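Structure first, commentary second.
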Amino acid sequence: MRLTVAQLAERLGAELVGDGTVPISSVGSVEAADDSAVTFVTDDKYKAGLEKSLAGAVIVGSRIEGLTRPQLVVDNVDKALIDALSVFAVPLKGVAKGIDPAARLADDAQVAEGVSIGPGVVIDSRVQIGANTVIASGCRIGENSKLGKNCRLDSNVVVYHNCRIGDNVIIQANSTIGSMGFGYSFIDGRHQLFPHNGGVVIEDFVEIGANCCVDRAKFGNTIIGAGTKIDNLVQIAHNVEIGKCCLIAGLVGIAGSCRLGDGVVLAGQVGLADNIEIGDGVIVGAQAGVASSVAGGRKIVGSPAIDHKKQLKIFSLVFRLPRLAEQLKQLDARVEKLESAKDDKK
């Protein structure tokens, strides 16, 4: 698609500053954009890069004085960027409605109108699938599971038996919902698995990335709250309860029976020990290891994770250790010299 800056400004609801005739056909970063691309600035520290940028136009939160290229001034740069990326997205072949002949459905499966089921899909007995849901090639839906309307399961997603998935849920390729939890007891000389007879409940508007695992509960349900977004390569263990609108980054591991409040953010490679509670709005920094419960509203980092301000002080001391070690060595030498002098006087 190709639009003039003026046409793009109209689509984004932006105030146009400068020449509206410049043609735009893509979106790019400040560094990589060419003269046919619109770029964006979300922070003052990136404004300096605009001087060298070749971008044909820039989306900004407030007008930048002295900038010669066209500006699209908006209230929310992130929202405008999302809209711009949608406008210039490469068109893909639409998903065909209906059931592919190479799919296999149980006789008692219930499929609503407008559903798309791709080749190689297997849908077991008593499964229910809501209207306009898309199930891509190679997926399997286990017995007595239910998918809501307007969902999208990408290729090779597996949903085990007795799982409940709400409306407008996205699960990307190769993820597994409802796998057996990792719960063993050492009995009679061997590790014996606890039966996991519960299920998984995924509420509305949840998005789960590629290659994630959400284990089923021993009893009751593993729950992922509405609006939560989960990155790729995340492990969520049995009986975990995640609140609404949480953000969970890649390579996070959440051990069994953890409870997360609403709006929790777990950065990349965070690990949570089992049976702990993370309060509403907690932010856990990358690679943190959390071994005990955390009250709501805190920001913690490190392993073991502690308050981020305290951890920053510790980090600053660690970086000073080589210099402090050298100073200590010099002080030791001076003390030894002084002690030798005292001995000579005796």
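The values are calculated or read from the model by the stated rules, or taken from the named source; none is laboratory data. Note that the structure is a prediction, hence the values are computed from the model and not measured. Glycine gets a Cβ as well: all are built from the backbone with ideal geometry, and neighbour counts include every protein chain shown.
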Test set (1) touching a Ser or Thr at 6+ places or on another chain (Cβ under 7 Å); (2) surrounded by fewer than 21 Cβ atoms within 10 Å (Cβ to Cβ); (3) closer than 22 Å to GLY130 by Cβ - GLU207 fails condition number: (1)
Failed item in (1) in contact with an Asp or Glu (Cβ under 6 Å, 6 or more places away or on another chain); (2) more than 25 Å from ASP167 (Cβ to Cβ), with ALA273 passing the rest: (1)
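Please work out which residue is surrounded by the most Cβ atoms within 10 Å (Cβ to Cβ), limiting yourself to region 136-145 and to residues that are touching a strand residue (DSSP E or B) at 6+ places or on another chain (Cβ under 8 Å) and either closer than 16 Å to ARG164 by Cβ or not assigned by TED's automatic domain parsing to the domain that holds GLY198 (or both). Don't jump to the end; show me each part of the working.
The initial filter retains those residues of region 136-145 that are touching a strand residue (DSSP E or B) at 6+ places or on another chain (Cβ under 8 Å), namely 136, 139-142, 145.
With the extra rule that they be either closer than 16 Å to ARG164 by Cβ or not assigned by TED's automatic domain parsing to the domain that holds GLY198 (or both), the set shrinks to 141-142, 145.
On the way: ILE141: 29, GLY142: 19, SER145: 24.
In this case the residue turns out to be ILE141.
Only one of LEU331, LEU251, LEU312 is within 27 Å of SER175 (Cα to Cα) and surrounded by fewer than 21 Cβ atoms within 10 Å (Cβ to Cβ); which? Give the derivation first.
Numbers: LEU331 fails: within 27 Å of SER175 (Cα to Cα); LEU312 fails: within 27 Å of SER175 (Cα to Cα).
Only one candidate qualifies: LEU251.
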Selection count, region 213-227, where residues are surrounded by fewer than 24 Cβ atoms within 10 Å (Cβ to Cβ) and within 19 Å of THR133 (Cβ to Cβ): 2
Close pairs (7 angstrom Cβ cut-off, 6 or more residues apart or separate chains): in the same structural domain as ASP204 (by TED's automatic domain parsing) and closer than 14 Å to ILE224 by Cβ in region 159-170, at pLDDT 95 or above and among the basic types (Lys, Arg) anywhere: ARG164/LYS146; ILE165/LYS146; ASP167/LYS149; ILE170/ARG152
Selection count, region 22-58, where residues are among the aliphatic types (A, V, I, L, M), under 25 Å from the mean Cα position of the chain (by Cα) and under 18 Å from GLN7 (Cβ atoms): 1
Residue within region 212-222 that is under 18 Å from the mean Cα position of the chain (by Cα) and either in a loop (DSSP other than H, G, I, E, B) or closer than 20 Å to PRO304 by Cβ (or both) present: yes
